[in-house]
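Q: One structure, as structure tokens, below. Some questions next.
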Amino acid sequence: MSEKVIIIGSGPAAHTAAIYAARADLSPLLFEGFMAGGVAAGGQLTTTTEVENYPGFPEGIQGPELMMQMRAQSEHHGTRIRTETVDSVDLSSRPYTVKTGSDEYRTETLIIATGATAKRMQLPGEDTLWQRGISACAVCDGALPIFRNNPLVVVGGGDSACEEASYLAKFGSSVTMLVRRDQMRASKAMQKRVQRNEKINILWNTVPVAALGDQKLERVRIKDKVSGEEREIEASGLFYAIGHKPNTDFLAGQLEMDEAGYLITEPDSTKTGVPGVFAAGDVKDKVWRQAVTAAGMGCMAALEAERLLAAEE
């Protein structure tokens, strides 16, 4: 007997989809994964400290606590949650097959909300200082008190790095961009934007080699790739803007993706190219990557799944 809806994921998109599907009496089954992609159930928000920009929490809320509340709300409305990682899916015929390490499941509709994982550099000191001054999302964390009026560092040379540097310049005393080559990959317009900002300093041919500090980030050791010289610069924040990897490997190319592996959906929709399969959140969104936008897409996916099932009755 097949499920009506299976949801793969554990972040805001997955749980919002689950809440909507459960309230529509679809009895969704959600696979939250077990350290899938090296991240605990709850997704990237579990690696975030204070979240100040999610509506409904005027004093802010800790990322893990926000995800615990979303999970509890999913269960409260009747979502069945499995702490298993989906190893593969078979989308060749409907009902579709979802395979974990211990079992196989059939489903009429499938919502993929597996998110994307920020690329990290694995610098010495990074694990200790992650979310104690090191982040991969300036928009998520940049306005926090620990970064305000302090020197900040952004690693990267693409459009995202320029956007993050410009955003951080509103809060930090200065922003230093570390660009590993002698030119940026960013568009000319974005390059001009950061070059015109008096608070942004660009160091070419430069990479970070270590994050330093006791209880929080205090300095970054950097290396000039041309001369080989290393030195330390003061920094209260180190922001990686070197890209994200969408968590789509388990799909084995069965759905249309872009060159980076993000799922492609129809315009103004979460529908993929396979009927009854929907994609929501960061697994398809490489532009906004916010909890609130992911939640919105989770809502869309559940409603689209509900409408498809209703039309087939």
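The values are calculated or read from the model by the stated rules, or taken from the named source; none is laboratory data. A quick note: this is a predicted structure, and the numbers were derived from the prediction, not measured. When we count neighbours, we look across all protein chains shown, and the Cβ atoms used for this are built from the backbone with ideal geometry, even at glycine.
Q: Identify, please: which residue in the range 1-24 is in a loop (DSSP other than H, G, I, E, B) and in contact with a Lys or Arg (Cβ under 9 Å, 6 or more places away or on another chain) and is, among those, farthest from SER74 (Cα to Cα)? Can you show your working first?
A: Looking only at the range 1-24, we keep the residues that are in a loop (DSSP other than H, G, I, E, B), and these are 1-2, 10-11, 24.
Of the ones still in play, those that are also in contact with a Lys or Arg (Cβ under 9 Å, 6 or more places away or on another chain) are 1-2, 10.
On the way: MET1: 23, SER2: 21, SER10: 11 Å.
Going through the qualifying residues, I end up with MET1.
Q: Mind counting the residues in the range 272-313 that are among the basic types (Lys, Arg) and either buried (at least 17 other Cβ atoms within 10 Å of the Cβ) or touching a Ser or Thr at 6+ places or on another chain (Cβ under 6 Å) (or both)? Quick ask: steps written out before the conclusion?
A: The first filter runs over the range 272-313 and keeps only residues among the basic types (Lys, Arg), leaving 284, 286, 289, 307.
Filter once more, so that each one left must be either buried (at least 17 other Cβ atoms within 10 Å of the Cβ) or touching a Ser or Thr at 6+ places or on another chain (Cβ under 6 Å) (or both): 284, 289.
Of the residues in that region, 2 qualify.
Q: What's the number of the only condition in (1) surrounded by fewer than 21 Cβ atoms within 10 Å (Cβ to Cβ); (2) on the phi > 0 side of the Ramachandran plot that GLN191 fails to meet?
A: Among (1) surrounded by fewer than 21 Cβ atoms within 10 Å (Cβ to Cβ); (2) on the phi > 0 side of the Ramachandran plot, GLN191 violates only (2).
Q: When you look at ARG219, is it assigned by TED's automatic domain parsing to the domain that holds GLY172 and either under 30 Å from LYS284 (Cα atoms) or loosely packed, with under 15 Cβ neighbours inside 10 Å (or both), yes or no? Steps first, please.
A: Numbers: assigned by TED's automatic domain parsing to the domain that holds GLY172: yes; either under 30 Å from LYS284 (Cα atoms) or loosely packed, with under 15 Cβ neighbours inside 10 Å (or both): no.
No, not satisfied.
Q: Out of the residues in the range 274-313 meeting the condition of being β-branched (Val, Ile, Thr) and in a helix (DSSP H, G or I), tell me which one is nearest to the chain's Cα centre (by Cα).
A: Going through the range 274-313, the residues β-branched (Val, Ile, Thr) turn out to be 274, 277, 283, 287, 292-293.
Still in the running and in a helix (DSSP H, G or I): 283, 292-293.
On the way: VAL283: 8, VAL292: 12, THR293: 11 Å.
Among those residues, the one meeting the criterion is VAL283.
Q: Could you please let me know if GLU84 is in contact (Cβ under 8 Å) with a residue 40 or more places away in the chain and assigned to a loop (DSSP other than H, G, I, E, B)? Give the derivation first.
A: Details: in contact (Cβ under 8 Å) with a residue 40 or more places away in the chain: yes; assigned to a loop (DSSP other than H, G, I, E, B): yes.
So GLU84 passes the test.
Q: Additional query: Between SER269, SER236, which is surrounded by fewer than 23 Cβ atoms within 10 Å (Cβ to Cβ), touching a residue at least 40 places away in the same chain (Cβ under 8 Å) and not acidic (Asp, Glu)?
A: On the way: SER269 fails: touching a residue at least 40 places away in the same chain (Cβ under 8 Å).
Step by step, each of SER269, SER236 is checked, and only SER236 is surrounded by fewer than 23 Cβ atoms within 10 Å (Cβ to Cβ), touching a residue at least 40 places away in the same chain (Cβ under 8 Å) and not acidic (Asp, Glu).
Q: Among (1) touching a residue at least 40 places away in the same chain (Cβ under 8 Å); (2) assigned to a loop (DSSP other than H, G, I, E, B), where does LEU66 come up short?
A: (2)
Q: Pull up the range 45-77, narrow it to residues that are farther than 22 Å from THR114 by Cβ and of a type in the set (Gly, Ala, Ser), then point me to the one that is farthest from the chain's Cα centre (by Cα).
A: GLY56
Q: Condition check: farther than 30 Å from PRO12 by Cβ and either surrounded by 16 or more Cβ atoms within 10 Å (Cβ to Cβ) or in contact with a Lys or Arg (Cβ under 7 Å, 6 or more places away or on another chain) (or both). Does GLU230 satisfy that?
A: Values: farther than 30 Å from PRO12 by Cβ: yes; either surrounded by 16 or more Cβ atoms within 10 Å (Cβ to Cβ) or in contact with a Lys or Arg (Cβ under 7 Å, 6 or more places away or on another chain) (or both): yes.
Spelling it out, GLU230 is indeed farther than 30 Å from PRO12 by Cβ and either surrounded by 16 or more Cβ atoms within 10 Å (Cβ to Cβ) or in contact with a Lys or Arg (Cβ under 7 Å, 6 or more places away or on another chain) (or both).
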